[in-house]
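Asks: Below you will find the structure I want to go over with you.
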């Protein structure tokens, strides 16, 4: 009997501390605003960092293409110049969505439904930029560069190294992109609580901070 009573009271005991953590509309808006604000800052830093990396690589390879010590170095530098120019052009043409989304959120009328749609759209873009299709461009560019060196210049080992290095840099570029919107969207999961004939539906999320460990409910 005590075990059965404890089992029936467990959901109630679990829910006792939760009302203090319940997610209000203003708190939800603030969570989305913070996610896009942090995403915008990271996106700007990411953009500046990788633009500087590829611009520096472009300048170095362009110089090496004419001033390299031997024919192999000059050939590799010409290939590197093309790769850096393509990467730099991609950065300038395909901007991260977070700064524009954050401006749109700040300029909006405070509509929570619009904020939800906006954060979901940015999260979907983050997911797309991390998906396998996002790696196809890097695979094509580095594959052609590796073949040009390995087959065209008859240096298969150098071609393989060029391909592997280029793919590694491309993967690092993808993995350092902002991911705050995905974290904000994935924060909540569907939840259902049944107490006899009463069923409550909503969403829950874990809250882990240095000060507390708990659960947030949105209902």
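Asks: Got at least one residue in segment 111-130 being part of a helix (DSSP H, G or I), under 30 Å from residue 155 (Cβ atoms), modelled with pLDDT under 95 and under 25 Å from the mean Cα position of the chain (by Cα)?
Replies: Checked against the condition, which is being part of a helix (DSSP H, G or I), under 30 Å from residue 155 (Cβ atoms), modelled with pLDDT under 95 and under 25 Å from the mean Cα position of the chain (by Cα), segment 111-130 yields no hits at all.
Asks: Which number in (1) free of Cβ contacts under 8 Å to residues at least 24 places away in the same chain; (2) out of contact with any helix residue (DSSP H, G or I) (no Cβ under 6 Å at 6 or more places or on another chain); (3) buried (at least 16 other Cβ atoms within 10 Å of the Cβ) marks the one condition that residue 61 misses?
Replies: For residue 61, the failing item is (2).
Asks: Read through the list (1) closer than 30 Å to residue 30 by Cα; (2) surrounded by fewer than 18 Cβ atoms within 10 Å (Cβ to Cβ); (3) at pLDDT 90 or above; (4) under 17 Å from the mean Cα position of the chain (by Cα), then give the number of the only condition that residue 186 fails.
Replies: Answer for residue 186: the failing condition is (3).
Asks: Could you go through segment 155-175 and let me know if any residue there is over 24 Å from residue 46 (Cα atoms) and surrounded by fewer than 13 Cβ atoms within 10 Å (Cβ to Cβ).
Replies: yes
Asks: Which of the residues spanning segment 145-154 are at negative phi and surrounded by fewer than 16 Cβ atoms within 10 Å (Cβ to Cβ)?
Replies: 147, 151, 152
Asks: Output the number of the condition that residue 95 fails; it satisfies all remaining conditions of (1) surrounded by fewer than 18 Cβ atoms within 10 Å (Cβ to Cβ); (2) free of Cβ contacts under 8 Å to residues at least 40 places away in the same chain.
Replies: Just one mismatch for residue 95, condition (2).
The values are calculated or read from the model by the stated rules, or taken from the named source; none is laboratory data. This is a predicted model, so every value here is computed, not measured. Using ideal geometry, Cβ is built from the backbone for each residue, glycine included, and neighbour counts are taken over all protein chains shown.
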